[in-house]
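Comments concern the structure below.
What follows draws every value from the coordinates through simple rules; no lab data is involved. Here the structure is a predicted model, which is why all the values come from computation and not from measurement. Counting neighbours? That spans all protein chains shown, and the Cβs are built from the backbone with ideal geometry, glycine included.
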Amino acid sequence: MSGVIVVLGRQGSGKGTQCGLLQQRYGGVVHVSTGDMMRGAAASGTPLGRRTEALMAAGELIPDDVMCDVVAERLAPLLESGSTVLLDGFPRTPAQAEALAAMTALDGLLGAVLLEVDTSEVSERMLARGRGDDTEAGIARRLELYEAQTAPLVDWFTERGLLVRIDGTGAPAEVFGRLAAAVGRLVPLGLSR
Ligand code: AMP
């Protein structure tokens, strides 16, 4: 069944790792990470990348209208071709959530999984991985924006009966066991292994 599963969680909660594992396990699942897309645009110096790299380096959010256009363009052909999309890093704001609901057909929003890891643990994980925007100030700013702008989406998805909470602590393989079971329930009609 074609549609979008949103992967929610603080920065450093393991969304990228877990989406990679899900993509390996299940045929027809495509991982779309807006952070990876924007880092790619910055690295290859596209007009979009040049416009947004300073915001990313500072840990600030890219404006909603820009992100919604980027995501709509990426999702359209995937949904058209019947893929199941794991959407990682979007939506990040209530306006983005409304835009996503408009992009997917009525039954195209399959659900949202929330990887729960607390702030002190994700801060440690990010300092250890040491990406370009993983400075102490950058991490603090991104987590502050997560609480202010993205955490309210937990209610947004819960109210629509779409949220599944997953304990994101422990070894990646353990988290994957919990997550794969939840994703399997969200797409009962058949992800092929
Ligand atoms: P991430 O790897 O998901 O933490 O994204 C890295 C950076 O890309 C963020 O700190 C933002 O600057 C930008 N970004 C990615 N996705 C979004 C989004 N949905 N809305 C706004 N900015 C985003």
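If you take the square roots of the eigenvalues of the alpha-carbon gyration tensor of region 77-139 and sort them as a ≥ b ≥ c, do you get rounded (a/c under 1.5), prolate (a/b over b/c) or oblate?
Judged from the Cα gyration tensor, region 77-139 comes out prolate (a/c at least 1.5, a/b above b/c).
Once each part is reduced to its C-alpha centroid, what is the distance from region 14-86 to region 136-167 in angstrom?
Each part's Cα centre sits 18 Å from the other's.
Please work out whether region 48-193 counts as rounded, prolate or oblate from its C-alpha gyration tensor, where a ≥ b ≥ c are the square roots of the eigenvalues and a/c under 1.5 means rounded, while otherwise a/b larger than b/c means prolate and anything else oblate?
Oblate shape, in that a/c is at least 1.5 and b/c is the bigger or equal ratio.
Kindly identify region 110-193 as rounded, prolate or oblate by the Cα gyration tensor criterion: order the square roots of the eigenvalues as a ≥ b ≥ c, call it rounded if a/c is under 1.5, otherwise compare a/b with b/c, prolate if a/b is larger, else oblate.
Since a/c reaches 1.5 but b/c is at least a/b, the shape of region 110-193 is classed as oblate.
Hey, rough spin-label estimate for ALA137 and VAL30, points 7 angstrom out along Cα→Cβ, what's it come to in nanometres?
3.8
Using only alpha carbon pairs under 8 Å that are at least six residues apart, calculate the relative contact order of the chain and give it in whole percent.
36
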